[in-house]
Amino acid sequence: MKIDDVFASRTLKAADLGGRKIKLTIANVEMEKMGDDIKPVMYFKGKEKGLVLNKTKAAVLTAAFGGETDNWYGKEIAIYPAKVAYNGQMVDSINVEPV
């Protein structure tokens, strides 16, 4: 049994990508409660799970598509697993890039 299957998440994790770069089409961005915070979550056409946006991901997408998330609809991006520094440790993450 995979513990990730038992505690399934509604948002994407780096492990969900299986080490692959994946092209996706943006459907919408919604503000959602994540623990004690409210964060933007980007959803994709034909996919159930969304991607939580942090400042870095949002900055990459804003530079490519502008600061109004309503205008991101239909834009293609690629997501891929990467290691990033977080609280002094290297952790698994998902990076984004415009296609």
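The values are calculated or read from the model by the stated rules, or taken from the named source; none is laboratory data. Values in this document were obtained by computation on a predicted structure and should not be read as measured data. For neighbour counting, all protein chains shown are included, and Cβ atoms are generated from backbone atoms with ideal geometry for every residue, glycine included. Only protein heavy atoms, including side chains, enter the accessible area calculation; ligands, DNA and RNA are left aside. Shrake-Rupley method; radii C 1.70, N 1.55, O 1.52, S 1.80 Å.
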Being closer than 15 Å to K23 by Cα and of a type in the set (K, R) is the filter here; which residues of the stretch 48-97 pass it? K49, K75
If I filter the stretch 88-99 down to residues being touching a residue at least 12 places away in the same chain (Cβ under 8 Å) and aliphatic (A, V, I, L, M), which single residue comes out as most open to solvent (accessible area, probe 1.4 Å)? V99
For the stretch 12-27, enumerate the residues that are in contact with a Phe, Trp or Tyr (Cβ under 6 Å, 6 or more places away or on another chain) and either of a type in the set (G, A, S) or in a loop (DSSP other than H, G, I, E, B) (or both). K21, A27
Does the stretch 60-68 include one or more residues that are of a type outside the set (A, V, I, L, M, F, W, C) and open to solvent by 80 Å² or more (accessible area, probe 1.4 Å)? yes
Just the residues that are assigned to a strand (DSSP E or B), among the β-branched types (V, I, T) and either at positive phi or without any contact (Cβ under 8 Å) to a residue 40 or more places away in the chain (or both), please, taken from the stretch 32-73. I38, V41
If you scan the stretch 69-81, which residues turn out to be more than 12 Å from V29 (Cα to Cα) and open to solvent by less than 30 Å² (accessible area, probe 1.4 Å)? I77, A78, I79
Looking at (1) assigned to a helix (DSSP H, G or I); (2) open to solvent by less than 80 Å² (accessible area, probe 1.4 Å), find the lone condition where V84 falls short. (1)
Of all residues in the stretch 33-59 being of a type in the set (D, E) and under 21 Å from D92 (Cβ atoms), which is most open to solvent (accessible area, probe 1.4 Å)? E48
State the number of residues belonging to the stretch 9-31 that are without any contact (Cβ under 8 Å) to a residue 60 or more places away in the chain and touching a Lys or Arg at 6+ places or on another chain (Cβ under 9 Å). 9
Cβ-Cβ under 6 Å pairs, at least 6 apart or on other chains, the stretch 74-87 side touching a residue at least 60 places away in the same chain (Cβ under 8 Å), far side open to solvent by 80 Å² or more (accessible area, probe 1.4 Å) and outside any strand (DSSP E or B): Y80/K21
Of everything in the stretch 18-70, what is farther than 17 Å from P81 by Cα and polar (S, T, N, Q)? Give them in sequence order. T25, N28, T62, T69
